[in-house]
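Derivation of every value follows stated rules applied to the coordinates shown; laboratory data play no part. Given the structure is predicted, the values throughout are model-derived calculations rather than measurements. Cβ sites come from the backbone with ideal geometry, for glycine too, and all protein chains shown count toward neighbours.
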């Protein structure tokens, strides 16, 4: 709607994760490096945590797009409080394997045979489990058992566990000791700082051909940061509404009054939580122990509802896709042809 008015080639602040808009803040760049290191190891678990809307999915998808699909078969699974048996069936379905009429032993044998066949094709498998904080301890144990599959000294499956901070608590449980020992890289993705927030906004605008129309009063970036806490999805939500409002007002400059008005509208819709000043993005390992990361924002309820809706739609899409395809159809591998690992 406002794109043509401002001469933009696309939507700069869409909520759906898009690797083409990846912004390398200090935290996101560090997390990317740790994930890349983990992928090159080709085994074990890689754990990524962060608040809702912190950019976890975009980060993982950016990495997956760099993988060579001729060498890596990557699939993504959205956890919706799966139990152990459901998890195994979901993993098999994600890899395009038949699951009807099979018991647990058959499922494990089918998955192992498939993973072994990839090795003979000089490929390897990568499983990405999103919203992993919803997995039960028994489901986590099944993932660990899958990581036991080996051919000689070569691991057959590597897994990403991506989730909200509750995932850290789950992994600290006494029953998770063996799985923790297989975590080869972990990172907690914190919020951006004020300077990065401005860079993030301008980066996304430049990606769609922004030529300073609309012009942002420099003072408004501090207000946007204060209201969103440096969380990417909250920034997108606010900036999208901001551009819509100024378009409807036929304005080509955004000032403090515009930002205050939109912030007021969003707070009226999503609650009146007092924004908490975010902490700096935590470094790996230390971040896993950081419990007091920003939790309460004016946009919390809206972001949470959007997050649940997006995950549900994606899960339904994958279910329909698997039902429509043939039982032995293999999935599309993650990403576009690129540098192999």
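Taking the condition within 30 Å of residue 235 (Cβ to Cβ) and in contact (Cβ under 8 Å) with a residue 12 or more places away in the chain, does residue 35 pass? Give the steps one after another, and end with the answer.
Working: within 30 Å of residue 235 (Cβ to Cβ): yes; in contact (Cβ under 8 Å) with a residue 12 or more places away in the chain: yes.
Here the answer is yes, as residue 35 does meet what is asked.
From the set of residues in region 109-125 that are without any contact (Cβ under 8 Å) to a residue 24 or more places away in the chain and in contact with a helix residue (DSSP H, G or I) (Cβ under 9 Å, 6 or more places away or on another chain), which is surrounded by the most Cβ atoms within 10 Å (Cβ to Cβ)? Break it down stepwise before answering.
The initial filter retains those residues of region 109-125 that are without any contact (Cβ under 8 Å) to a residue 24 or more places away in the chain, namely 109-110, 113-114, 117, 120-121.
Adding the requirement that they be in contact with a helix residue (DSSP H, G or I) (Cβ under 9 Å, 6 or more places away or on another chain) leaves 110, 114.
Values: 110: 17, 114: 19.
Filtering region 109-125 for residues that are without any contact (Cβ under 8 Å) to a residue 24 or more places away in the chain and in contact with a helix residue (DSSP H, G or I) (Cβ under 9 Å, 6 or more places away or on another chain), the one surrounded by the most Cβ atoms within 10 Å (Cβ to Cβ) comes out as 114.
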For this session: Have a look at 3, 65 and point out the one that is at negative phi, over 18 Å from the mean Cα position of the chain (by Cα) and assigned to a helix (DSSP H, G or I).
Result: 3
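I need the full set of residues from region 198-254 which are part of a loop (DSSP other than H, G, I, E, B) and in contact with a strand residue (DSSP E or B) (Cβ under 7 Å, 6 or more places away or on another chain), in order please. Explain how you work it out, then say what you get.
Kept after step one, since they are part of a loop (DSSP other than H, G, I, E, B), are these residues of region 198-254: 208-214, 217-219, 229-231, 249-252.
214, 217, 252 - these are the residues of region 198-254 that are part of a loop (DSSP other than H, G, I, E, B) and in contact with a strand residue (DSSP E or B) (Cβ under 7 Å, 6 or more places away or on another chain).
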Exercise. Any residue in region 94-107 that is buried (at least 22 other Cβ atoms within 10 Å of the Cβ) and under 15 Å from residue 158 (Cβ atoms)?
Worked result: no
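Being buried (at least 23 other Cβ atoms within 10 Å of the Cβ) and within 18 Å of residue 197 (Cβ to Cβ) narrows it down to one residue among 53, 24; which is it? First the steps, then the outcome.
Working: 24 fails: buried (at least 23 other Cβ atoms within 10 Å of the Cβ).
Just a single option satisfies the conditions, and that option is 53.
Within region 12-21, which residues are part of a loop (DSSP other than H, G, I, E, B) and surrounded by fewer than 18 Cβ atoms within 10 Å (Cβ to Cβ)? Give the steps one after another, and end with the answer.
Start the filter on region 12-21 by keeping residues that are part of a loop (DSSP other than H, G, I, E, B), which leaves 12-18.
If the condition is that a residue be part of a loop (DSSP other than H, G, I, E, B) and surrounded by fewer than 18 Cβ atoms within 10 Å (Cβ to Cβ), then 14, 15, 16, 18 are the ones that fit.
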